[in-house]
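The values are calculated or read from the model by the stated rules, or taken from the named source; none is laboratory data. These numbers were taken from a predicted model, which means no experiment stands behind them. FYI the Cβ positions are ideal-geometry reconstructions off the backbone, even for glycines, and counts take in every protein chain you see.
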2 protein chains.
Amino acid sequence: MVTMKDIAEYSKVSLATVSRVLNGSSNVSVEKRKQVMEWVHRLDYNINISASGLAGSSSSLIGVIFSDLANPFFMDILIQMEEEAYRLGYSIIISNTHGQKNKIRESINTFEARQVDGVLLCIDSDETALMQYILQKNIPAVSFTQPSELIDSVYTPMEKGGALVAQHFLDMGHEKMAYVGDKNEPKLTGFLNHLNQNGIDSENVNIIEVDKWGNLSNYEITKRIRELTSTKKDEITAVFAFNDVTAIQVMQAFQDEGIRIPEDIALAGFDNISLSRKISPPLTTVGQPTKEIGRLAVEILIKRINQENIAPPEAITLEPYLIVRKSTRQTK
Amino acid sequence: MVTMKDIAEYSKVSLATVSRVLNGSSNVSVEKRKQVMEWVHRLDYNINISASGLAGSSSSLIGVIFSDLANPFFMDILIQMEEEAYRLGYSIIISNTHGQKNKIRESINTFEARQVDGVLLCIDSDETALMQYILQKNIPAVSFTQPSELIDSVYTPMEKGGALVAQHFLDMGHEKMAYVGDKNEPKLTGFLNHLNQNGIDSENVNIIEVDKWGNLSNYEITKRIRELTSTKKDEITAVFAFNDVTAIQVMQAFQDEGIRIPEDIALAGFDNISLSRKISPPLTTVGQPTKEIGRLAVEILIKRINQENIAPPEAITLEPYLIVRKSTRQTK
DNA sequence: GTGAAAGCGCTAACAT
DNA sequence: ATGTTAGCGCTTTCAC
């Protein structure tokens, strides 16, 4: 392994000078700088970031906690984060936790052990305890799924997304609706509230519960859709699925039942995954600015890392937007 | 920050003993071990992996180079790798390169600078030079997309996948076929060769070129499909798309043209992404054992890391398998 | 079984 | 502008 010491010896300068050159300090003569760089290239020197970190400089490492990378929505964010981090000279280390609290904890500890400069957090439930844990460890952190009073956050208010879908359904003249998804989602709350505020009793909205981790099999979903269609056939005219993947399953289930979308039932999803516009019919959905989320999360984290005086947590809100496609085009 | 030194002082033992306890050395009295652990917990000590790495032990860090994480196939592999690495006490640091040679190089250098124990490589084109570069740097490496004579590899022979589709098409009585995808894919070679070997002149296979990075817009694909259907309408009865995402786009394009699948045209994809069975009609496709690939890649890499005597590169082959679904069910 | 001490590769005062 | 030196937190001989 080639070290700075080697470079120093070959270049006939001191270790400190080599370090200065490599870190772009101005106080080095053009001459010596040239010499040093010459040997750096000749010997194909590569810094040891562990050592450099140990000695006081930053690790340029960011840890990211994901709840479920199989969700294309998070995947999009990861891709964006990696790109932005790379652009800014940071590396990304990941952990996919499936929401398991112990894995989250352990990952945070590993991150700390690796001297990360900061962490990016994907949290779905209330994790005040976790945040306090991180805060107490003095690790800069940014949440990119939930707003927080404790740490910086970049997030999209899901309730608004739910409200957008509700409004769209109302605009299209729907009155009897169903929701397929997790019961504890803010988008459901937003959806129902908006209906209530517009003269539709949310009590009448059929709710088909699907667990958050998508662990419900296709078979199971089909079965429930079948139940729904056999009993409520003529009532329901619009279905809101809590994410696109589920929406596509639902679409499949409907189509297998001979129920046409959007002619018989309108269907809307959530997330705007790339496939949502490629399927047939293309899916009406709610988009979240994933690129912005990923980019901003990294940006804010790094800003936070580089500031010495502690400013209060910043909460950036990025609005969701409705994307109307064919799956809801038909008015009843 | 709590360090080993702190633990040593509180426990009234030497630094060395603390290190021994923490690394599970047997030569420590039960008594002292207890004392040390007591303080480790009391002070919430966490190791500094940078320091530990510097001082001689391993970094337990694995670098992974991906060409395109937006491809669900790679995503599946990443998820698996993260899980396996976590299970074995390793962390994963990633880079998404889009095949850009300079980013690949730079990432390898960053990995080296971070003292990774090894790297996992996703390479699509010939990268002998890169591998020699890595070899010369003495970094253990495993390729998980291409076989290699220089480094260990876990891979699925794509030609066989292509051949499986060809055989399936033949079984279903098809004779006029088309391929949508990158021209340089081994799966295309396998597809064509198998046809030739079975009395179908591969010259007659229509090839619609789509670039590897999926940069072709939906519009463009639709346009080309339209060209195909207007000129060859009555000829082509089966289409092989080089990956599921493209297949779904093609399906969409066909359906928009009023062409039914599988009644008018059979369609097969490649990769078995989770959505392929959720769309309508469910897509016939070729599966690759992504779980195995991700798991084995990590496993082999770690095996290689831990062995001192250099064994020759090992090439593990995992067979692709055909998954017949509705999109090809109809015999002409 | 335990401790002292050297040193991993680097940065950052501190001198000069 | 440049060199010397003292660590950063840990592992690992080497003594005892």
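Assorted remarks:
- Of the residues making up the stretch A:73-108, those that are assigned to a loop (DSSP other than H, G, I, E, B), facing another protein chain (nearest Cβ under 10 Å) and over 25 Å from B:ASN109 (Cα atoms) are A:THR97, A:HIS98.
- Filter result (closer than 22 Å to B:VAL116 by Cβ and within 10 Å of chain B (Cβ to nearest Cβ)) within the stretch A:63-72: A:GLY63, A:VAL64, A:PHE66, A:LEU69
- When the helices (runs of 4 or more DSSP H) confined to the stretch A:5-72 are screened for residues that are at pLDDT 95 or above, more than 9 Å from DNA strand D (Cβ to nearest atom) and not assigned by TED's automatic domain parsing to the domain that holds A:THR145, those reaching at least 2 such residues are found at A:30-42.
- One residue from A:GLU227, A:GLU299 being without any contact (Cβ under 8 Å) to a residue 60 or more places away in the chain and surrounded by fewer than 21 Cβ atoms within 10 Å (Cβ to Cβ): A:GLU227
- Test: residue in the stretch A:36-57 that is facing another protein chain (nearest Cβ under 10 Å), touching a Ser or Thr at 6+ places or on another chain (Cβ under 6 Å) and surrounded by fewer than 21 Cβ atoms within 10 Å (Cβ to Cβ): yes
- Pairing each residue of the stretch A:38-55 that is touching a residue at least 60 places away in the same chain (Cβ under 8 Å) with any residue that is crowded, with 20+ Cβ neighbours inside 10 Å and aromatic (Phe, Trp, Tyr), provided the two are 6+ apart or on different chains, yields no C-beta distance under 8 Å.
- Within the stretch A:6-22, tally of residues that are within 11 Å of DNA strand C (Cβ to nearest atom) and either more than 24 Å from B:GLU112 (Cβ to Cβ) or within 14 Å of another protein chain (Cβ to nearest Cβ) (or both): 2
- The residues of the stretch B:292-329 that are hydroxyl-bearing (Ser, Thr, Tyr) and assigned to a strand (DSSP E or B), listed by number, are B:THR317, B:TYR321.
- Subset of the stretch B:266-293 [under 22 Å from A:ARG260 (Cβ atoms) and within 12 Å of chain A (Cβ to nearest Cβ)]: B:LEU275, B:ARG277, B:LYS278, B:ILE279, B:SER280, B:PRO281, B:PRO282, B:LEU283
- Checked against the criterion of being out of contact with any His (no Cβ under 8 Å at 6 or more places or on another chain), of a type outside the set (Phe, Trp, Tyr) and modelled with pLDDT of 95 or more, the candidates A:ALA141, A:ALA129 yield just one match: A:ALA141.
- First in the stretch A:87-103 and under 14 Å from A:SER58 (Cβ atoms), second anywhere and in a loop (DSSP other than H, G, I, E, B), Cβ under 8 Å, 6 or more apart: A:GLY89/A:SER60; A:TYR90/A:SER60; A:TYR90/A:ASP117; A:SER91/A:SER60; A:SER91/B:ARG114
- A residue that is in contact with a Lys or Arg (Cβ under 8 Å, 6 or more places away or on another chain), within 26 Å of B:SER67 (Cβ to Cβ), buried (at least 21 other Cβ atoms within 10 Å of the Cβ) and at pLDDT below 95 occurs nowhere in the stretch B:189-196.
- Subset of the stretch A:1-16 (residues that are of a type outside the set (Gly, Ala, Ser) and in contact with a Ser or Thr (Cβ under 8 Å, 6 or more places away or on another chain)): A:MET4
- Selected residue (criterion: farthest from the chain's Cα centre (by Cα)) from residues of the stretch B:39-76 that are of a type in the set (S, T, N, Q) and more than 15 Å from DNA strand C (Cβ to nearest atom): B:ASN46
- When the stretch A:238-286 is filtered for residues that are among the acidic types (Asp, Glu) and out of contact with any strand residue (DSSP E or B) (no Cβ under 9 Å at 6 or more places or on another chain), the ones remaining, listed by number, are A:ASP256, A:GLU257, A:GLU263, A:ASP264.
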